[in-house]
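Notes for the one structure printed next.
Readers should treat all values here as calculations from the given coordinates under stated rules, not as data from a laboratory. As the structure is a computational prediction, the values presented were derived from the model and not from experiment. All Cβ positions, even for glycine, are placed from backbone atoms using ideal geometry, and neighbour counts span all protein chains on display.
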Amino acid sequence: MRDKMPQVNTSTSSKPGLRSAQTASPPPLNLWFTRHWVWIIILILGLYVGLPWLAPIFMQIGWTGPANLIYVFYSTQCHQMPQRSFFLFGENTMYSLGDIQTVWKNTDNPLILRQFIGNSEMGWKVAWSDRMVYMYTSIIVFALLLFRPRQKTMKTIPWWGFALLLLPMAIDGGSHFISDLSGIGNGFRDSNLWLSTLTNNAFSASFYAGDALGSFNSWMRLLTGLLFGLGVVLFLFPHIQSSFRSTPTKTT
């Protein structure tokens with residue numbers, strides 16, 4: 001009887017040195033996202049931040065339909081108060097509450113005030129407030145300044161550091177909300193008499209009162225918006241980068 005020849009297992013799975021070579025590489029799309037995720041976020045944010053500025057442009061050229069769609073969409077995300085918003089194609093970049101009430105309606109009802117989008121003389125309102133402009137634009141600015149997708153892993157700031165960077169906005173926005181409960185234009189953040197007393201009226205009256213560009217309220221929205229954007233980039237972006245770095249990019 002013919003002896004049976006022993007079977008030799010030629011499977012590569014029995015060779016420890018080849019096991020790692022069988023690790024599947026990520027799909028090309030995953031690799032592309034890993035390398036370009038910062039630019040993807042910047043592009044998405046750029047569209048999100050840019051659309052509100054298209055509303056006044058569309059109004060100026062007569063495309064009222066698309067402009068109104070933008071106003072409606074962003075009305076779900078912002079109070080759209082005209083005295084705290086930028087205007088394009090008019091005499092001024094921002095207008096006081098009194099200016100708005102003179103040409104619109106003499107009211108302090110925020111639901112009525114927010115409906116004012118401008119006119120041919122005053123220009124057309126950007127579809128969200130200056131605070132929203134500062135918040136989300138600053139994320140793009142700090143991402144471009146501080147982050148590179150192929151740089152070594154950037155260490156994230158601790159959660160309490162992120163909270164500290166958001167705290168000024170919480171205080172500023174919270175105090176505005178409490179002030180507005182007394183009526184738009186009648187609260188302590190409209191006159192800022194407390195600040196004029198603390199500073200012994202060192203600045204002009206236009207600095208203390210109202211929300212116009214260059215006023216104390218306007219500066220606070222700018223500065224707290226910048227701190228918000230800085231916090232988002234320093235805290236969230238390293239976490240996103242780390243999640244991509246944990247995915248293998250090539251076979252071993």
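Look at ASP190, ASP211, ASP99 and count the other Cβ atoms within 10 Å of each Cβ; fewest to most, that gives ASP99, ASP190, ASP211.
Taking loop as defined by DSSP and a crowding limit of 16 other beta carbons within 10 Å, which chymotrypsin sites (Phe, Trp or Tyr not before Pro) in region 146-211 fit? Walk me through the numbers on the way to the answer.
Details: sites: PHE147, TRP159, TRP160, PHE162, PHE177, PHE188, TRP194, PHE203, PHE207, TYR208; in loops: PHE147, PHE203.
Those that pass, being in a loop and sparsely packed, are PHE203.
What does the net charge come to around MET169 if you take all other residues with beta carbon closer than 11 Å to its beta carbon, with K and R at +1 and D and E at -1? Within the 11 Å Cβ shell, the charges total +1. Assuming R0 = 41 Å, can you tell me the calculated FRET efficiency for the pair LEU111 and ARG35, based on Cβ-Cβ distance, to the nearest 0.05? E(calc), rounded to 0.05, equals 0.30.
For LEU144 and LEU45, compute 0.36 nm times the residue count separating them, minus their Cα-Cα distance, and round to one decimal in nm. Before the final figure, lay out the partial values.
Values: separation 99, 0.36 × 99 = 35.64 nm, distance 1.23 nm.
Answer, rounded to one decimal: 34.4 nm.
Site pair ILE171 and GLN77 shows an inter-label distance of 2.8 nm when each label is modelled 7 Å from Cα along Cα→Cβ.
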